[in-house]
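Since every read-out is calculated from the coordinates, none of them should be taken as a lab result. Since the model is a prediction, treat every value here as computed from it, not as a measurement. Counting neighbours? That spans all protein chains shown, and the Cβs are built from the backbone with ideal geometry, glycine included.
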């Protein structure tokens, strides 16, 4: 039992196998990486669908798979917890396998390159917008906070001055209500 980690609780000790001892951040990073890969593959098959040299029946497979997943009418409705989503994954899995077989290799390579270029452009655009927009938003928030704090302080000071003047002059009519 030298490989792995030991998890100790108040009353017991549990030995964890090496693969079970992974931290949550590694687990989350793995899921994020898988989601990004799935998004990239979806973009590749979007370009396959739009490519002029892809075969008509490959386009039909892509269109039917997308239509089934996005349609509110399905064989197993999505509101059924596990099975409703599982049938969508099965349809997508079969569609991707069919598209890989039906699409010519050179078209698939070209579409992968188009997807990578589109992702690079998107990342550059997001980076540029974030670098311009972030300071503007942060500055605006600070200005609004400063104006609000100034208005609250001015109202407080005005009320205190009115109370002091009313007390000195003996006039209650000038007190704010």
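Could I have the simple spin-label model distance between residue 73 and residue 126, label points 7 Å from Cα toward Cβ, reported in nm to one decimal?
It is 3.6 nm.
If Rh is defined by the Kirkwood formula over all Cα pairs and Rg also comes from Cα, what ratio Rg/Rh do you get for region 44-85?
Using only Cα positions, Rg/Rh for region 44-85 is 1.13.
Which order results if 46, 158 are arranged by neighbouring Cβ count within 10 Å, fewest first?
So the residues, fewest neighbours to most, are 158, 46.
What is the spin-label model distance, in nm, from residue 159 to residue 64 if the labels are put 7 Å beyond Cα along the C-beta direction?
7.1
Ranked by Cβ crowding within 10 angstrom, fewest neighbours first, how are 156, 45, 68 ordered? The partial results should precede the final answer.
Values: 156 10, 45 25, 68 16.
Neighbour counts put them in this order, fewest first: 156, 68, 45.
List residues of region 40-73, by number, whose backbone nitrogen lies under 11 Å from a label position 7 Å along Cα→C-beta of residue 94.
Taking a point 7 Å out along Cα→Cβ of residue 94, the residues of region 40-73 whose backbone N falls under 11 Å are 65.
Whole angstrom only: what separates the Cα centroid of region 113-144 from the Cα centroid of region 31-71?
Taking the Cα centre of region 31-71 as reference, the centre of region 113-144 is 27 Å away.
Arranged by the count of other C-beta atoms within 10 angstrom, fewest first, what order do 48, 91 take?
91, 48
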